[in-house]
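Everything below concerns the one structure shown next.
The values are calculated or read from the model by the stated rules, or taken from the named source; none is laboratory data. From a predicted model like this one, the values you see are computed outputs, not experimental measurements. Note that we place each Cβ from the backbone using ideal geometry, even for glycine, and neighbour counts take in every protein chain shown. The area values use the complete protein model at the heavy-atom level, side chains included, leaving out ligands, DNA and RNA. Shrake-Rupley method; radii C 1.70, N 1.55, O 1.52, S 1.80 Å.
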Amino acid sequence: MDIGTIQAYAYFFFTAFLVVVLYAYIYHLYSSQWKGKRDYEKYGNIALHDEIDDKPVEEISKNDEKK
């Protein structure tokens, strides 16, 4: 086995690993939105509505504040 073969196998397994991580992340986003934990699609508007007087994406309740 020469170095080129090892590099080819490493490239294939690393690419497969990144594909699995990508699909796991997409599943996490959609499952958390479906369960009602968090709506990640509304965070896409942060770049569009970034004026100082715009409405925040999420309101922070008093119970959620860290002390």
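Could you report the chain's accessible area per residue, 1.4 Å probe, as an integer in Å²?
101 Å²
How far is helix 3-35 tilted, in degrees, relative to the longest principal axis of the Cα atoms in the chain, given as a value from 0 to 90 rounded to the nearest 10?
20 degrees
In nm, to one decimal, how far is the modelled label at residue 6 from the one at residue 50, with both set 7 Å along Cα→Cβ?
Placing both labels 7 Å beyond Cα along the Cβ direction yields 4.5 nm.
What FRET efficiency comes out for the pair residue 23/residue 60, r = Cβ-Cβ distance, R0 = 35 Å, nearest 0.05?
0.65
With a 1.4 Å probe and all protein chains left in place, how much of the accessible area of the stretch 18-67 comes from carbon and sulfur atoms, in whole percent?
56 percent
Return the Rg/Rh value of the chain, two decimal places, where both radii are evaluated on C-alpha atoms and Rh is the Kirkwood radius.
The Rg/Rh ratio comes out at 1.27.
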